[in-house]
Amino acid sequence: MPSGEPAEPDPRTVPSGANLRVLPGLLTRLTRLLCGFSALIALLLPLPVLYEVVMDQLGHPPVWVFETTGYAILMIAFAASGYGLNTGHHFRVALLSQKIPALALPLAWLSGVLEGAFGLILLIAGWRLAYGSWVQGLRSDTLLAVPQVWPQLALPVGGAAILLQGIAHTLAPPRWEHSADRFLGPS
């Protein structure tokens, strides 16, 4: 190790509070990973649509493209929801925290708790819905007869993403610049 660089701390000697400060970043990375999964789906989404256009021009339109791309769009939206909460690309009202800046941190913490609660509810309800569809063998009423468990898994995936980001926001509430309403990151 060169003499001018600081030594890496030994993980066994780092106080446990430091681990708690690392957790929000790890949770945010997980939501970014889910968003990356949805971005991959979004990048691949034009391929079946292009295939449908070509095959339609040749007189052999496929029956599967409309339904499967709809399911893919649902997964994109739900899987990216946690990342949207992290970046501030969602609907939010900041009127009270702008009028009373002393409330900004408690309101950001409350928002994180509510995000986590909503994510947990969506995770549980979505999982129960998907599991019930799997047990009952429910299929779509289309020519494909897609097992409904597959598109319904978007709900618990989105719930998990929102729950993870809600926990991250509870542990490290985000800060906002009120004059421009810009996201500044965790406090």
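Remarks
- Selection from the stretch 133-153 of residues that are part of a helix (DSSP H, G or I) and in contact with a Leu (Cβ under 8 Å, 6 or more places away or on another chain): VAL149, PRO151, GLN152
Results for (1) part of a helix (DSSP H, G or I); (2) in contact with a strand residue (DSSP E or B) (Cβ under 9 Å, 6 or more places away or on another chain); (3) within 30 Å of THR142 (Cβ to Cβ); (4) hydroxyl-bearing (Ser, Thr, Tyr), shown as yes or no for each residue.
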residue	(1), (2), (3), (4)
ARG21	yes, no, no, no
GLY25	yes, yes, no, no
CYS35	yes, no, yes, no
ALA39	yes, no, yes, no
VAL49	yes, no, yes, no
GLU52	yes, no, yes, no
GLY59	no, no, yes, no
PHE66	yes, no, yes, no
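- Residue in the stretch 94-106 that is assigned to a loop (DSSP other than H, G, I, E, B), touching a Leu at 6+ places or on another chain (Cβ under 6 Å) and polar (S, T, N, Q) present: no
- Residue tally, condition surrounded by 12 or more Cβ atoms within 10 Å (Cβ to Cβ), within 30 Å of ALA168 (Cα to Cα) and of a type outside the set (S, T, N, Q), over the stretch 30-53: 11
- Scanning the stretch 50-66 for residues that are within 22 Å of ALA145 (Cα to Cα) and either aliphatic (A, V, I, L, M) or free of Cβ contacts under 8 Å to residues at least 40 places away in the same chain (or both) yields TYR51, GLU52, MET55, ASP56, HIS60, PRO61, PRO62, VAL63, VAL65, PHE66.
- Criterion: surrounded by 12 or more Cβ atoms within 10 Å (Cβ to Cβ), touching a His at 6+ places or on another chain (Cβ under 6 Å) and within 17 Å of THR170 (Cα to Cα) - qualifying residue of GLY82, GLY112, GLY88: GLY112
- Which listed residue is farther than 17 Å from LEU34 by Cβ, surrounded by 13 or more Cβ atoms within 10 Å (Cβ to Cβ), modelled with pLDDT of 95 or more and among the β-branched types (Val, Ile, Thr), from ILE162, ILE121: ILE121
The values are calculated or read from the model by the stated rules, or taken from the named source; none is laboratory data. All values derive from a computational prediction rather than experimental measurement. Counting neighbours? That spans all protein chains shown, and the Cβs are built from the backbone with ideal geometry, glycine included.
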